[in-house]
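Peer 1: Got a structure for you, written out below as structure tokens; questions coming shortly.
Quick note: the coordinates plus some simple rules give every number you see, no bench work behind them. Everything numeric in this text was worked out from a predicted model, so none of it was measured. Reconstructed Cβ throughout: ideal geometry from the backbone, glycine too, with neighbour counts over all protein chains shown.
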Amino acid sequence: MLIARIYKVFPVSCPICGGKMRIIAFIAHSADIRQILDLIGVASEPPRKTPAPGPPLGDGCDGPIGGESKLSQIGI
């Protein structure tokens, strides 16, 4: 019932006729699951994650520590 509350569907009722379905097998071995997904044309590998972007590049406003800033160079 928890799955029905989360996904708003009852996973043991037929999506076509609404009839009651029953679980006849539970597959836990990942190689078997991949093979089944490949046979029915569903991606068996998770999508690749792109690496996180690096920090933003400075625009030159921050001067080096202990050095002159651009503001002091122009007399401010």
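Peer 1: Please list, in chain and number order, the residues 5+ apart from Ser13 or on another chain whose amide H is under 5 Å from its amide H, with Hs placed from the backbone.
Peer 2: Met21
Peer 1: In whole Hz and in residue order, list the ³J(HN,Hα) couplings for region 36-43 that follow from phi through the Karplus curve 6.51 cos²θ - 1.76 cosθ + 1.60, θ = phi - 60°; x for Gly and Pro.
Peer 2: Coupling constants for region 36-43: 5, 4, 5, 5, 8, x, 9, 4 Hz.
Peer 1: Between Ala31 and Cys14, what is the label-point separation in nm under the 7 Å Cα-to-beta-carbon projection?
Peer 2: 3.5 nm
Peer 1: Quick one: order Ser30, Ser13 by neighbouring beta-carbon count within 10 Å, fewest to most.
Peer 2: Final ranking by Cβ density, sparse to dense: Ser30, Ser13.
Peer 1: Grab the Cα-Cα distance for Arg22 and Leu39, subtract it from 0.36 nm times how many residues apart they are, and report the gain in nm with one decimal.
Peer 2: Here the segment from Arg22 to Leu39 would lengthen by 3.9 nm.
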